[in-house]
Protein chains: 2
Amino acid sequence: MPDSPTKPRREQIHDVASRLFSERGYHATSMRELAGELGMQGGSLYAHINGKEDLLVQIVNRASQQFDEALFPLRGQNLPADDKLREAMHRHIMVVADNMDSATVFFHEWKHLSPEAYARVTGWRDTIDRFYRELVSEGIQSGVFRPDLDVKMTSLLILSTVNWTYTWFRPEGTLTPRDIADGFAEMILSGLRAR
Amino acid sequence: MPDSPTKPRREQIHDVASRLFSERGYHATSMRELAGELGMQGGSLYAHINGKEDLLVQIVNRASQQFDEALFPLRGQNLPADDKLREAMHRHIMVVADNMDSATVFFHEWKHLSPEAYARVTGWRDTIDRFYRELVSEGIQSGVFRPDLDVKMTSLLILSTVNWTYTWFRPEGTLTPRDIADGFAEMILSGLRAR
DNA sequence: CCTACCGATCGGTAGG
DNA sequence: CCTACCGATCGGTAGG
């Protein structure tokens, strides 16, 4: 039951802020607009939060956390590299699709964070990068992937396709994250060229 | 000779605005900051421009134009689909790489444009989409690409990789747009899987 | 959660 | 291109 009436006020603020920040941008959203959408006055927000930047930090942190929780458990699993790639792309795209607003804020506004929060996000980016590089390396070593692949370029190719979904995915459309992940993975694994 | 001292003032304003908008975001950049970097007072800017939004419109329009000029001439050329794909990706990535600031503004701030400018950008996006879908369709019909490809998904795969370069390309790095385009195209065409 | 208010800063203009 | 200024709005606070 999304948006149940008993949802804590802080959750409501987080959700509305995610939507407004993603639609208009962080700096272009005023605290009065945010308060208005929640049916309260501007100053009343500060009974629940510490400040505008805290909202941004929360949104970005939660997004990072969701990516971590989705991908990290895959590291230990003993799957063939092609299956693991398909599964990782599916999970990655699911996080984006299920959190289109926070994902947009995550990709657009992380540069505007305070130095500490900025460093944390940069650290997360590196973690995800490493995850995909490891996946590619393992695939090469196990003989599932071509031996002449450049690990860095390959992981960038994968990251491009899964991250870019935040720009075009529509929840009301016909494509599910499963469809997208399977379609992209199949093309990436087998190539476009006719045999 | 970039940034020659005789560069028209309007060009200088355009360049500095692109950089500031891409680094801090459109709304977070004040006209006084912009003026300061150009060695003038805030009000003096309005001797050269009509307003802040005009700057954004100019940056986005010029970026759209560069994509158009790079890709559109390829439409008529009678190249094999794989060669045409490689060439299109190279040109697309070159535009991004040569205009990292305006490309970032283009991808991040187009939502904040006035309705008319917004519609123009949306129209451009559709044009580029059509370009890549045509390229894929031609490749299927000529037998160069697999017949079971989904045209929409395939063009989204391509667009993801070329557009996402705005987030990670570094002009001071070792990879050239040629390297990136050739590397991505080869992987997309032949696939990651070992034979 | 509201009312009333703070200093700061915003984009933009007038007149030179 | 500068000085001086405009009304509007910003994030945030005090006191209740």
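One table, with the values for the structure above:
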quantity	calculated
Under 19 Å from A:LYS84, Cα to Cα: aspartates and glutamates that are on another chain or at least 8 residues apart	A:ASP68, A:GLU69, A:ASP129, A:GLU134, A:GLU138, A:ASP150, A:ASP179, A:ASP182, A:GLU186
Qualifying lysines (Cα of each under 27 Å from Cα of B:LYS111; at least 8 residues distant if same chain)	A:LYS52, A:LYS111, B:LYS52, B:LYS152
Under Karplus coefficients 6.51, -1.76 and 1.60, residue-wise ³J(HN,Hα) of region A:33-38 in Hz, glycine/proline x	4, 4, 4, x, 5, 9
Label 7 Å beyond Cα on the Cβ vector: B:GLY123 copy-to-copy distances, nm	4.9
Exposure proxy ranking, count of Cβ atoms within 10 Å, fewest first, for A:VAL16, A:VAL60	A:VAL16, A:VAL60
Distance between modelled label sites at B:GLU23 and B:ASN50, nm, 7 Å Cα→Cβ extension	2.8 nm
Within straight-line cross-link reach of B:LYS7, aspartates and glutamates at Cα separation under 13 Å, skipping those fewer than 8 residues along the same chain	B:ASP15
Cβ nearest the rotation axis (A onto B), residue from chain A and distance to the nearest whole Å	A:GLY191, 1
Ascending list, in nanometres, of distances separating the A:GLY51 label from those of the other copies (7 Å, Cα toward Cβ)	3.2
Relative contact order (%) - region B:52-190, alpha-carbon pairs under 8 angstrom, separation at least six	36 percent
Three-way shape label, chain B, alpha-carbon gyration tensor, a/c 1.5	prolate
5 angstrom amide H check on B:LEU192, placed H, neighbours 5+ away	A:LEU189, A:SER190, A:GLY191
GNM result for chain A, Cα springs below 10 Å: residue of A:LEU55, A:LEU175, A:LEU156 fluctuating most strongly	A:LEU175
Ranking of A:LEU85, B:LEU74, B:LEU135, A:LEU71 by count of other Cβ atoms within 10 Å, fewest first	B:LEU74, A:LEU71, B:LEU135, A:LEU85
Sites A:ARG193 and A:ARG133 - FRET efficiency at Förster radius 22 Å, r taken between beta-carbons, to 0.05	0.30
Neighbour-count ranking [beta-carbon atoms within 10 angstrom, fewest first] of A:VAL151, A:VAL162, B:VAL121	A:VAL151, B:VAL121, A:VAL162
Coil-residue trypsin sites (Lys or Arg not before Pro) of region B:1-107, DSSP, other Cβ within 10 Å capped at 14	B:ARG75
Residue among A:MET100, A:MET153, A:MET89 with the largest mean-square fluctuation in a Gaussian network model of chain A, springs linking Cα atoms under 10 Å	A:MET153
J(HN,Hα) series, region B:25-30, from Karplus relation 6.51 cos²θ - 1.76 cosθ + 1.60, nearest Hz, glycine and proline x	x, 4, 6, 7, 9, 8
FRET E, pair A:ARG120, B:GLN77, Förster distance 45 Å, beta-carbon r, rounded to 0.05	0.40
At least 18 Å along the helix axis (C-alpha) and Kyte average at least -0.5, DSSP helices within chain B	B:52-71, B:81-98, B:151-164, B:177-190
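Bear in mind that the values in this text are calculations on the coordinates, not laboratory data. This structure is a prediction, so every number in the text was calculated from the model and none was measured. Using ideal geometry, Cβ is built from the backbone for each residue, glycine included, and neighbour counts are taken over all protein chains shown.
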